[in-house]
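Data first, discussion second: the structure below is written as structure tokens.
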Amino acid sequence: MSEFSMQDAIKQFLRQSRLKSGIQALQIEDVWEQIMGKTIAKYTNKIQIINQTLFINTTVAPLKNELLYQKDKIMERVNEALGEKVIKDVVIQ
């Protein structure tokens, strides 16, 4: 019988369960300020991950425009923070 560490067992469980996307959504909320900086985090109203798409909601028009130009960089930073390629698209609302 093979032995697993608790960390490996939890990772394997999350890979096979539906909880993984919910946990990743919570993780992104926790690290959003670290990834994007205080100013962007302050003016971002809502961040969601749905079906490998990151939805960013803000009411500040200049920020929306800036985020649109940075979509690829945002995907890269978020995927790096989550430790795997989770995000395949970014939608600015």
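The values are calculated or read from the model by the stated rules, or taken from the named source; none is laboratory data. Because the structure is predicted, anything quoted here is derived from the model rather than measured. Cβ coordinates were reconstructed from backbone atoms using ideal geometry, including for glycine residues, and neighbour counts include every protein chain displayed.
Which ones in the stretch 43-63 are without any contact (Cβ under 8 Å) to a residue 24 or more places away in the chain, surrounded by 12 or more Cβ atoms within 10 Å (Cβ to Cβ) and closer than 21 Å to residue 82 by Cα?
Within the stretch 43-63, 44, 47, 48 qualify.
Mind checking which pairs have a first residue in the stretch 27-38 that is closer than 11 Å to residue 77 by Cβ and a second that is of a type in the set (S, T, N, Q) and surrounded by 14 or more Cβ atoms within 10 Å (Cβ to Cβ), Cβ under 9 Å, 6 or more apart or different chains?
Every condition considered, the pairs that remain are 28/48; 32/44; 36/44; 36/70.
Pick from the stretch 1-11 the residues that are farther than 19 Å from residue 84 by Cα and of a type in the set (S, T, N, Q): which of them is modelled with the highest pLDDT?
Ranking the qualifying residues of the stretch 1-11, first place goes to 5.
Applying the selection to the stretch 12-51, what residues are in a helix (DSSP H, G or I), modelled with pLDDT of 65 or more and among the charged types (D, E, K, R)?
Across the stretch 12-51, the qualifying residues are 29, 30, 33, 38, 42.
Report, by residue number, each residue of the stretch 77-93 that is outside any strand (DSSP E or B) and either more than 12 Å from the chain's Cα centre (by Cα) or among the basic types (Lys, Arg) (or both).
Those that are outside any strand (DSSP E or B) and either more than 12 Å from the chain's Cα centre (by Cα) or among the basic types (Lys, Arg) (or both): 77, 85, 88, 93.
Evaluate the stretch 64-76: report whether one residue or more is free of Cβ contacts under 8 Å to residues at least 60 places away in the same chain, under 12 Å from the mean Cα position of the chain (by Cα), within 12 Å of residue 28 (Cβ to Cβ) and not in a helix (DSSP H, G or I).
Checked the stretch 64-76: no residue is free of Cβ contacts under 8 Å to residues at least 60 places away in the same chain, under 12 Å from the mean Cα position of the chain (by Cα), within 12 Å of residue 28 (Cβ to Cβ) and not in a helix (DSSP H, G or I).
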